[in-house]
């Protein structure tokens, strides 16, 4: 029985770790994120190039057909810029260009959230990542203030 005082804290730590992992799985399951595509850049600008637009054209009908309340996330990554601030700004502009393209060219009306990818996973080229959420944000009661940017 000399092991009992040592064993009890280990059991408590293991139980709390299992609870934390369960919560993470539940959260991922609740959000229902579905990766749609990663689109790589081919040009020398931080704007959308022709090949990127053609790639977006392929999956745009799927984004346009999202159920009411569906949410699209567009993440941009750009390594262009003299410092980290310029790279983050250019990453955001790349995502913004994709949003404009989807809205104007394809008439996508779903809510689109933009972000800049923080690290790019050692990518040597610019890219966009597009994912969808099936009504997850309204389900977690995100409130809206002000007008939309459409």
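Residue-wise test of (1) exposed (fewer than 14 other Cβ atoms within 10 Å of the Cβ); (2) in a helix (DSSP H, G or I); (3) modelled with pLDDT of 75 or more; (4) out of contact with any strand residue (DSSP E or B) (no Cβ under 6 Å at 6 or more places or on another chain).
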| residue | (1), (2), (3), (4) |
| --- | --- |
| 27 | yes, yes, no, yes |
| 43 | yes, no, no, yes |
| 55 | no, yes, yes, no |
| 61 | yes, yes, yes, yes |
Every listed condition ((1) closer than 17 Å to residue 100 by Cα; (2) touching a helix residue (DSSP H, G or I) at 6+ places or on another chain (Cβ under 8 Å)) holds for residue 78 save (1)
Flagged in segment 97-115 as touching a strand residue (DSSP E or B) at 6+ places or on another chain (Cβ under 6 Å) and at pLDDT 90 or above, in numbering order, are 98, 99, 112, 113, 114, 115
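The values are calculated or read from the model by the stated rules, or taken from the named source; none is laboratory data. Model, not experiment: these values are computed from the prediction. Don't worry about glycine lacking a Cβ; one is built from the backbone with ideal geometry, like all the others, and counts go over all protein chains shown.
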